[in-house]
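Novice: This is the structure, below, for whatever I ask next.
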Amino acid sequence: MKNVLVIGGSYFVGRVFVEALATNPDCRVVVVNRGNHPLCLEGVEEIACDRNNTARLREALPSLPWDGVVDFCGYTPKDVRNVVLSLPRGLVGHYIFISTTSVYAPTRSLPIRENGLKLTGPQPELGPAAGYGFQKWLAEQTVSTHARQLGFPCTCLRPSIIYGPYNYAPREKYFFDLIDKNQIVILPDNPLALFQFVSVWDVAEIIRRSMGNPDTFGKAFNLSAEELISYERLVEVLETITERAVPTRTMSVSEIDARRIPLPFPLDDHLIYSGDLVRRTLDFQYTSFTAGMQKTYAWYRQTKTHSE
């Protein structure tokens, strides 16, 4: 029996991972989150606790040998420190930290690999998200430092743009909603911006394969499928999966910004990462973008039908 502790896990990637793990009778799954969105899954133990309430966390955590600790919601060094120092000493088999490709500094050297330059400070141009990538990078370093000091292996996973069920970010759903209402999709008139995705199912499977795998210990991995997607290619995929013609209109980036049209992906910059290292390490094949979006749209339609 494997004991797996999940920090977060109530929505999006964490939820998909927990749902998959819950079907394995050889796993005991314990989820710690604030309790705002209970999972209510058979075979999953839930502990309602804020990770920053260290006294409550130490008291609530079962003193088990944890084969895997998967941290989905660590955003700052403090977040990491509070969890790591609350875990029973000597009982952590592997700590997996879910980070982000946002830790990388802007560069023209593409694709960005795991050894690419990292941010050295916040990015004021990103507004409310100015500190996100930098704090995640500091959190990664905190995980690594405590892992060395306390003697347990760790792995950092850096997904690119994630899509799929339970996505709380207005990414693919933004386009699904427009198509469902037969509204025009605005596109930037510069068709050259390229970006990459990774499906939520792929992220969950990579976590599962990484857990307890010595080939992943002490390493960081980008999680990014190799397909390069533009807004034009995105529309082609949307038309394929919805079996509908998608009406579009182009605008300049400045006009899109002025009108505050909430396009969720880069308008005039490339976001291109190499996700090849994890593919080779785990002998893993990414889901194609069309196939993953097909599953995502089916889930969208199903949940929409149930809510009506």
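Novice: Quick one: net charge around PRO65, please, counting Lys, Arg +1 and Asp, Glu -1 for every other residue with C-beta under 13 Å from its C-beta. Numbers along the way, then the final one.
Specialist: On the way: positive: LYS2, ARG28, ARG89; negative: ASP67.
Every neighbour counted, the sum reads +2.
Novice: Same structure, new question: For segment 202-232 and segment 1-69, what is the separation of their Cα centres, given in Å?
Specialist: If we compute the Cα centre of each part, the gap is 21 Å.
Novice: Quote the relative contact order of segment 187-303 in percent (integer), defining contacts as alpha-carbon pairs under 8 Å separated by 6+ residues.
Specialist: Over segment 187-303, the number comes to 46 percent.
Novice: Students often check this: by mean Cβ neighbours within 10 Å, which of 18-24, 269-275 ranks highest, and how do the rest follow?
Specialist: 269-275, 18-24
Novice: Just the projected area, averaged over all directions, of the convex hull on the alpha carbon atoms of segment 69-177: how many nm²?
Specialist: 8.6 nm²
Novice: Based on the alpha-carbon gyration tensor of segment 166-267, what equivalent-ellipsoid semi-axes (square roots of 5 times the eigenvalues) come out, in whole Å, largest first?
Specialist: Calculated on Cα positions only, the semi-axes equal 32, 16, 12 Å.
Novice: Let me ask something else about it. Under 23 Å between alpha carbons, and skipping anything fewer than 8 positions from LYS219 in its own chain: which lysines qualify?
Specialist: LYS2, LYS78, LYS118, LYS136
Novice: Can you tell me how segment 123-210 classifies by the Cα gyration tensor, rounded, prolate or oblate, using a/c under 1.5 as the rounded cut?
Specialist: Because a/c hits 1.5 or more and a/b exceeds b/c, segment 123-210 counts as prolate.
Novice: Percent relative contact order of segment 4-52, based on C-alpha pairs within less than 8 angstrom and at least six residues apart?
Specialist: Relative contact order here is 37 percent.
Novice: Hey, another quick one. Quick check: pseudo-label points 7 Å beyond the Cα along Cα→Cβ at ARG280 and ALA258, how many nm apart are they?
Specialist: Result: 4.8 nm between the two label points.
Novice: Give me the accessible area per residue for the chain, probe 1.4 Å, as a whole number in Å².
Specialist: 48 Å²
Novice: Please give the residues of segment 231-256, grouped as numeric ranges, whose backbone N is less than 13 Å from a label point set 7 Å along the Cα-to-Cβ vector of TYR174.
Specialist: 231, 256
Novice: Let me ask you something else. Starting from the Cα coordinates of segment 255-308, work out the convex hull volume and express it per residue in Å³.
Specialist: That works out to 135 Å³ per residue.
Novice: Over segment 29-126, what is the relative contact order in whole percent, taking alpha-carbon pairs under 8 Å and six or more residues apart?
Specialist: 21 percent
Novice: Moving on. Per the 1.4 Å probe, what fraction of the accessible area of the chain, in percent, lies on carbon and sulfur atoms? The partial results should precede the final answer.
Specialist: On the way: 7330 of 14750 Å².
After summing per-atom areas, the C and S share lands at 50 percent.
Novice: Rg and Dmax in Å for the chain, alpha carbons only: what are they?
Specialist: Both quantities, over Cα of the chain: 19.9, 59 Å.
Novice: Ok, one more. For segment 24-83, compute Rh as the Kirkwood radius over C-alpha pairs and then the Stokes-Einstein diffusion coefficient at 10 °C and 1.306 mPa s; write the answer in µm²/s, rounded to an integer. Walk me through the intermediate numbers first.
Specialist: Numbers: Rh = 12.6 Å.
The diffusion coefficient I find is 126 µm²/s.
The values are calculated or read from the model by the stated rules, or taken from the named source; none is laboratory data. Nothing here was measured: the structure is a model prediction, and the numbers come from that model. Methodologically, a virtual Cβ is constructed for each residue, glycine included, from the backbone with ideal geometry; neighbour enumeration extends over all protein chains shown. What goes into the accessible areas is simple: the full protein's heavy atoms, side chains included, and nothing from ligands, DNA or RNA. Shrake-Rupley method; radii C 1.70, N 1.55, O 1.52, S 1.80 Å.
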